[in-house]
Amino acid sequence: MLNEGRGISELNKIETEKIFKIFKDKGYIKNSSYKIFSKQILIDFEEGNYDSFFYKNGQFIKLHFSLPQNFDEIKLKSIITHEINHLIEIFSIEKKGCRFPNYNKIKRALIKFKPKTISLEFFTHLLYKTLDNEINAVVAQTYTYLRKFNTTDENILKSELEKYDVRNDYKNILKLNIEKFISDINIDELDKFNKILISEHVEEFLPFILNINNTDKYIKCWLKIIFSNAKKLLNKQEKIIKEVIEDINNLNNYSTEFKITESQVMNFKNYLKENSK
């Protein structure tokens, strides 16, 4: 049985190492076949700057990763962990026969919308970074980041977590000047984006989007959700420290020792002798 952790599954930990080994063994590859969850998927490793995505369309499933020649092992492992988290989540939903969560409706709208102004580009990126599934994937990759320090010292792990650039991105979200952002927003583009959200039926669970005329209230409703999810991420990152410590302790406590006495040896030999054909 695979035990679920506080923010990353045991399966993700295992698959991260396996897929990282594929790159170590084969290097930059395209459409390399790999099996997970009894499903065949394709894996790409190409030269780039730690970009990644998980893509599924019908029977076509792909994990794509890019990294520079002088790559950082932990950055590569982190993006692998991130995308595997998305993959496991989607496969789990399909296996249980559940409908896709509400965040997927927002994500579909984000994919359709092509912002032309900096304010809407920033806003839509802000929404994407704080979607529930993105939060879960970031928490999972935080585990991989912290494991590299190979320490059970909680103070050291907390200190390294505070240096983590991904964590600081979310801390900076909470510092956003709300009034300045509202004044910068392009109303016409915001209206176009909102119409796409409605076309994806987002109003069914976020009814405030039906009242875009009050721009201040509209933006503040979104920011309340965004800030809440950013805080959720920061809290989950802190909790995953305990899992890192437990896993390292379990690894350090591994032993093949098995106590054997002389009487056990004699009894074993006698029993085997008496019960052999």
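Evaluation of Tyr28 against the conditions (1) within 20 Å of the chain's Cα centre (by Cα); (2) surrounded by 13 or more Cβ atoms within 10 Å (Cβ to Cβ) shows that the sole unmet condition is (1).
Each residue in the stretch 135-167 was checked for being under 25 Å from Lys107 (Cα atoms) and aliphatic (A, V, I, L, M), and 6 pass.
Looking at the stretch 164-172, can you tell me whether even one residue there is more than 23 Å from Lys242 (Cβ to Cβ) and among the aromatic types (Phe, Trp, Tyr)? No, that holds for no residue. Scanning the stretch 111-154 for residues that are in a loop (DSSP other than H, G, I, E, B) and within 19 Å of Ile185 (Cβ to Cβ) returns Phe113, Lys114, Pro115, Lys116, Thr117, Thr130. Count of the stretch 170-215 residues, restricted to those that are aliphatic (A, V, I, L, M), over 26 Å from the mean Cα position of the chain (by Cα) and farther than 18 Å from Lys112 by Cβ, is 5.
Every condition in (1) surrounded by 14 or more Cβ atoms within 10 Å (Cβ to Cβ); (2) modelled with pLDDT under 95; (3) within 23 Å of the chain's Cα centre (by Cα); (4) not polar (S, T, N, Q) holds for Ala230 except the one numbered (2). The sole residue among Leu197, Leu157, Leu190, Leu223 that is of a type in the set (A, V, I, L, M, F, W, C), assigned by TED's automatic domain parsing to the domain that holds Phe123, closer than 24 Å to Lys13 by Cβ and assigned to a helix (DSSP H, G or I) is Leu157.
Exactly one residue out of Asn70, Asn12, Asn49 is modelled with pLDDT of 90 or more, within 24 Å of Lys148 (Cα to Cα) and crowded, with 19+ Cβ neighbours inside 10 Å: that is Asn12.
Per-residue answers, yes or no, for (1) closer than 30 Å to Ser199 by Cα; (2) aromatic (Phe, Trp, Tyr); (3) outside the structural domain of Ile219 (by TED's automatic domain parsing); (4) in contact with a helix residue (DSSP H, G or I) (Cβ under 7 Å, 6 or more places away or on another chain):
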| position | (1), (2), (3), (4) |
| --- | --- |
| Ile61 | yes, no, yes, no |
| Pro68 | no, no, yes, no |
| Glu73 | no, no, yes, no |
| Ser78 | no, no, yes, yes |
| Leu127 | yes, no, no, yes |
| Thr130 | yes, no, no, yes |
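Table: residues versus (1) more than 13 Å from Asp44 (Cα to Cα); (2) surrounded by 16 or more Cβ atoms within 10 Å (Cβ to Cβ); (3) in contact (Cβ under 8 Å) with a residue 60 or more places away in the chain.
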{"residue": "Asn57", "(1), (2), (3)": "yes, no, no"}
{"residue": "Leu63", "(1), (2), (3)": "no, yes, no"}
{"residue": "Ser66", "(1), (2), (3)": "no, yes, no"}
{"residue": "Thr81", "(1), (2), (3)": "yes, yes, yes"}
{"residue": "Ser92", "(1), (2), (3)": "yes, no, no"}
{"residue": "Cys98", "(1), (2), (3)": "yes, no, no"}
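Residues that are of a type in the set (Phe, Trp, Tyr) and touching a helix residue (DSSP H, G or I) at 6+ places or on another chain (Cβ under 8 Å) within the stretch 91-121 comprise Phe100, Tyr103, Phe113, listed in sequence order. Please work out if Lys107 is surrounded by 15 or more Cβ atoms within 10 Å (Cβ to Cβ), under 26 Å from Leu233 (Cα atoms), modelled with pLDDT under 95 and not assigned by TED's automatic domain parsing to the domain that holds Lys21. So Lys107 fits the description; yes.
The values are calculated or read from the model by the stated rules, or taken from the named source; none is laboratory data. Computed from a predicted model, the values in this text were never measured in an experiment. When we count neighbours, we look across all protein chains shown, and the Cβ atoms used for this are built from the backbone with ideal geometry, even at glycine.
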